Each structure stands twice: as C-alpha cells, then as structure tokens.
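Peer 1: I have a structure I would like to understand better, so I am pasting it below and will then ask my questions one at a time.
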Amino acid sequence: MARLATRALVAFAGSCLLFAALPVAAQSVSPTYPRPFPPVNNDPPVGRPPQPVVVRPQPQQSCPTGDCVAHNITTQDECSMFDRQATGDARWAAGLSLDIDGELFAERGMRQWNVQAYRLRWFNGAWSGWYVAGVNDIDHKYNPGANTMRRMWSYFADHEHQVLACHRRQ
C-alpha cells in the first residue's frame, strides 16, 4: 500500500515538473479578453456602445513575388453605420418585403441604401440584439389592421436605432 502511495506521489511530482516546463502561454487556461462595457451590479450598460471598427484593405500597389492578384475594391458597396432617431414613417411596417429599405432609408441625400443589420433601442433604454435583414428579423407581432407579418425594422417608426447599411457605388 505504501508503495502504491509513493508511486502516485512520484507520478504527481513528475507531472508538476512537466507542467512547469511548459511555456507560460500554454499554461493559461482562461485567457482574459477586453470586455466592452462591463455591467456594474448586473445593470445594463448606459449610453452608446462603441462603434465597430470597419477595416478596409488597402489597394495592392505591387506584387513582390509575381503571383499576386491585383485587387480593385473601388467598385465595392459603400457601407456605413448610422445612428438614427425614430422616423415617424409607418411604411416600415409594410409586410416582409426586403425592398422597402431602398425606398425609405435615405442618408447623405441618397436613397437605395440596403439595410444589412440593425438594432433597436427600446423605451427602457436597453438595446436589442443585432438583427440581420432577411435572416432573423421577423417580428413576433403582426400588423393588426391588415393581419400581415412584419420585420423588426417596423420599429424604426417610433424607436431610436442603429443601422449598418450599404449603398452601391456608381
């Protein structure tokens, strides 16, 4: 019995030595990441969250190896994040069409913006999660007068909202 305990102790000590020999990065089991807006006392964050960082690759100037593809990104859609107040336009509730945003969403003096993702600020001040147009944005409520379904962007009429929208470059 004593021999078994000694063997277990030696095996444990050997594993400790092996663990100590690992690089520090391999030893960490729970890395810490920056937490945006940590809640205080489990309260929701107050104020606007930080704007997402949009990274646009720079056009490639030269090809050092000779086997590169020259990218021309000047024809890509222009996408921007917008903070908007309630629009007061009830047409946002007009059914499930994904084309209504091109008619109703006007920014920088231009129409034909395509809403890609959005979120709503509820009347209690909390922000909803992100909705992606045509993916997860069907409202659980319906239009009572016409008895038709609608998208969550129907709340653009009376709620503050943030929108990621893209516009085709000419």
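Peer 1: How many of the residues making up the stretch 86-105 are within 22 Å of the chain's Cα centre (by Cα) and of a type in the set (A, V, I, L, M)?
Peer 2: Looking only at that region, the number is 2.
Peer 1: Another one. Being surrounded by 17 or more Cβ atoms within 10 Å (Cβ to Cβ), hydrophobic (A, V, I, L, M, F, W, C) and under 20 Å from N143 (Cα atoms) is the filter here; which residues of the stretch 95-121 pass it?
Peer 2: Listed by number, the residues that qualify are I100, L104, L120.
Peer 1: With respect to G134, determine if the residue is in contact (Cβ under 8 Å) with a residue 60 or more places away in the chain and more than 17 Å from F82 (Cα to Cα).
Peer 2: The answer is no for G134.
Peer 1: Picking from H140, H167, H159, which residue would you name as being modelled with pLDDT under 95 and farther than 15 Å from D101 by Cβ?
Peer 2: H140
Peer 1: Determine the pairs where a residue that is over 14 Å from F123 (Cα atoms), located within the stretch 143-163, has a partner that is assigned to a loop (DSSP other than H, G, I, E, B) and of a type outside the set (A, V, I, L, M, F, W, C) with Cβ atoms under 6 Å apart, the partner being 6 or more residues away or on another chain.
Peer 2: T148/G95; R151/D137; M152/D137
Peer 1: Within the stretch 46-85, can you find the residues that are under 20 Å from the mean Cα position of the chain (by Cα) and at pLDDT below 70?
Peer 2: V46, G47, R48, P49, P50, Q51, P52, V53, V54, V55, R56, P57
The values are calculated or read from the model by the stated rules, or taken from the named source; none is laboratory data. Just so you know, these numbers come straight off a predicted model, no measurement behind them. Here the Cβ is made from the backbone with ideal geometry for all residues, glycine too, and neighbour counts use every protein chain on show.
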